[in-house]
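The values are calculated or read from the model by the stated rules, or taken from the named source; none is laboratory data. Given the structure is predicted, the values throughout are model-derived calculations rather than measurements. For neighbour counting, all protein chains shown are included, and Cβ atoms are generated from backbone atoms with ideal geometry for every residue, glycine included. Ligands, DNA and RNA are excluded from the accessible area calculation, which covers all protein heavy atoms including side chains. Shrake-Rupley method; radii C 1.70, N 1.55, O 1.52, S 1.80 Å.
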Amino acid sequence: MHIPESLQDLADSEAVQFLKRLKTITRIFAGVFSLIVFSSLLTDGYQNKTESSQLHCVLNSNNTACSFAVGAGLLAFLSCLAFLALDAHESCIANTRFKTAFQLLDFILAILWAGIWFVGFCFLANQWQHSQPRQFLLGSSSAKAAITFTFFSVLVWVRMSPAPQAPSAGQGGKRAGMFPLSPSSLGLRQPLL
């Protein structure tokens, strides 16, 4: 293992450059947010009522709400870890078909997770709104944290989905996005000025 001799060598290292990429930072945030969602409801999301010993979800006693958030959080966390590992080894992948498939899968999963987190946010907020105020002694802060970080997860996953990019001068004016669209490619005529 190479030990950097100065801070500049450390800043120029491949690992630091990988961690400074926006895609890596958003993926780490998405993983941390999903970890918070599922761990907060897994630890304090199930409580017993004062009159019984059976565990109930603190979100309107709806076990589906807690199970949905825990399951979605765990699966999102695992997918973040898997794609972070694939991102780290992206430079080693020589097959362009695999890279294209990886980028397409990344795009589809980002859109899918943004939708799942949006539905989850609406569902959890609705269940929290219908919860009786003093039904459980503990767990309200865990439910609030899960709802808050579910909302933040929507924003992060939307940010991770790549959008078409503006034309760059280095490519002769062609668009550099995943979906290169132009009026002529859609069969539309250019407006006359």
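The condition of being open to solvent by less than 90 Å² (accessible area, probe 1.4 Å) and either without any contact (Cβ under 8 Å) to a residue 24 or more places away in the chain or not in a helix (DSSP H, G or I) (or both) holds for only one of F121, F102, F107, that being F102.
For beta carbons closer than 7 Å, sequence separation of 6+ or different chains, a first residue in the range 14-36 that is farther than 10 Å from G73 by Cα and a second that is of a type in the set (A, V, I, L, M, F, W, C) and open to solvent by 60 Å² or more (accessible area, probe 1.4 Å), the qualifying pairs are V16/L10. Per the listing G73, G31, the residue uniquely over 16 Å from A143 (Cα atoms) and at pLDDT 90 or above is G31. The set of residues in the range 64-78 being among the small types (G, A, S) and in contact with a helix residue (DSSP H, G or I) (Cβ under 6 Å, 6 or more places away or on another chain) consists of A65, A69, A72, G73, A76. Of all residues in the range 65-99, none satisfies the criterion of being touching a strand residue (DSSP E or B) at 6+ places or on another chain (Cβ under 8 Å) and open to solvent by 80 Å² or more (accessible area, probe 1.4 Å). Restricting attention to the range 30-59, which residues are over 14 Å from A146 (Cα atoms) and crowded, with 18+ Cβ neighbours inside 10 Å? Within the range 30-59, Q47, H56 qualify.
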